[in-house]
């Protein structure tokens, strides 16, 4: 018997012989459930790690693809810009080639006139041709190099993935460097001729062959040379001949440059499907 606080009597039942066994079994079941829980948590950790790894991996792939697309778009823009530069160069170079060929013809004519120069012989053509030949700006080549400047600022030719195109771009501007070297030589020779030929001409006559818009004209009056000194004329002849030869070479080089630009444009148009 047992009593509670109200002095009520509750019967005391004998212990169930199977009670310890049930208690032990229950305890074992609880312990077994703990192992299952730990194993489930371990699998969850592995699963979470895999999900995190895959998220990072696919994020990296997406970023790489985006960066690759951006670079391809930039490459296409640079190639398109270079294509337009070539088109502009072709137009400019054709005009320069025409000027060079004109100067060659005038230099050839001037050589004949100088060899036949005399004090009282009209020299209008000598004045005009000398003035035309010593002008320097008409035959200078100023290539459209905006694309190359942008490429240098953007990190160089690495953005042009097509090796044939990048090699063509480098080769094109290397040819221009050679032309620039010849142009510098022509300018130096023109400066030398400008200084050497001045004693041959009268200042007043030299002035009137240029109009108010800076065009070379043939005035109405007859012009004569101030001097026909044979040594001076000979030195001028050598310089005029040199200018004619340099201009022939420049015209040939520039014509080759136009042809190269056409080939490069055709190749780029095909490779990048430009309109």
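The values are calculated or read from the model by the stated rules, or taken from the named source; none is laboratory data. From a predicted model like this one, the values you see are computed outputs, not experimental measurements. Please note: Cβ atoms are built from the backbone with ideal geometry, for glycine as well, and neighbour counts cover all protein chains shown.
One table, with the values for the structure above:
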quantity: Filtered residues of the range 150-166 (kept if more than 12 Å from the chain's Cα centre (by Cα) and without any contact (Cβ under 8 Å) to a residue 24 or more places away in the chain); calculated: 163
quantity: Given (1) in contact with a helix residue (DSSP H, G or I) (Cβ under 9 Å, 6 or more places away or on another chain); (2) part of a helix (DSSP H, G or I); (3) farther than 28 Å from residue 140 by Cα, index of the condition residue 186 fails; calculated: (3)
quantity: Checklist (1) within 21 Å of residue 129 (Cβ to Cβ); (2) out of contact with any strand residue (DSSP E or B) (no Cβ under 7 Å at 6 or more places or on another chain) applied to residue 174, failing item; calculated: (1)
quantity: Unmet criterion (only one of (1) within 24 Å of residue 262 (Cβ to Cβ); (2) part of a helix (DSSP H, G or I); (3) in contact with a helix residue (DSSP H, G or I) (Cβ under 9 Å, 6 or more places away or on another chain)) for residue 158; calculated: (1)
quantity: Selection status of residue 240, more than 30 Å from residue 86 (Cα to Cα), in contact with a helix residue (DSSP H, G or I) (Cβ under 7 Å, 6 or more places away or on another chain) and either modelled with pLDDT of 95 or more or surrounded by 19 or more Cβ atoms within 10 Å (Cβ to Cβ) (or both); calculated: yes
quantity: Test: residue in the range 203-210 that is touching a strand residue (DSSP E or B) at 6+ places or on another chain (Cβ under 8 Å) and closer than 13 Å to residue 130 by Cα; calculated: yes
quantity: Residue that is at pLDDT below 90, part of a helix (DSSP H, G or I), closer than 19 Å to residue 79 by Cα and touching a helix residue (DSSP H, G or I) at 6+ places or on another chain (Cβ under 7 Å), where the choices are 149, 165, 258; calculated: 165
quantity: Condition broken by residue 147, with the remaining ones in (1) touching a residue at least 24 places away in the same chain (Cβ under 8 Å); (2) over 33 Å from the mean Cα position of the chain (by Cα) satisfied; calculated: (2)
quantity: Checklist (1) over 25 Å from residue 114 (Cα atoms); (2) exposed (fewer than 12 other Cβ atoms within 10 Å of the Cβ); (3) in contact (Cβ under 8 Å) with a residue 40 or more places away in the chain applied to residue 272, failing item; calculated: (2)
quantity: Selection within the range 201-226 - under 14 Å from residue 123 (Cβ atoms), touching a residue at least 12 places away in the same chain (Cβ under 8 Å) and not in a loop (DSSP other than H, G, I, E, B); calculated: 201, 205, 206, 208, 225
quantity: Options 74, 94; residue that is modelled with pLDDT under 90 and either surrounded by 13 or more Cβ atoms within 10 Å (Cβ to Cβ) or assigned to a helix (DSSP H, G or I) (or both); calculated: 74
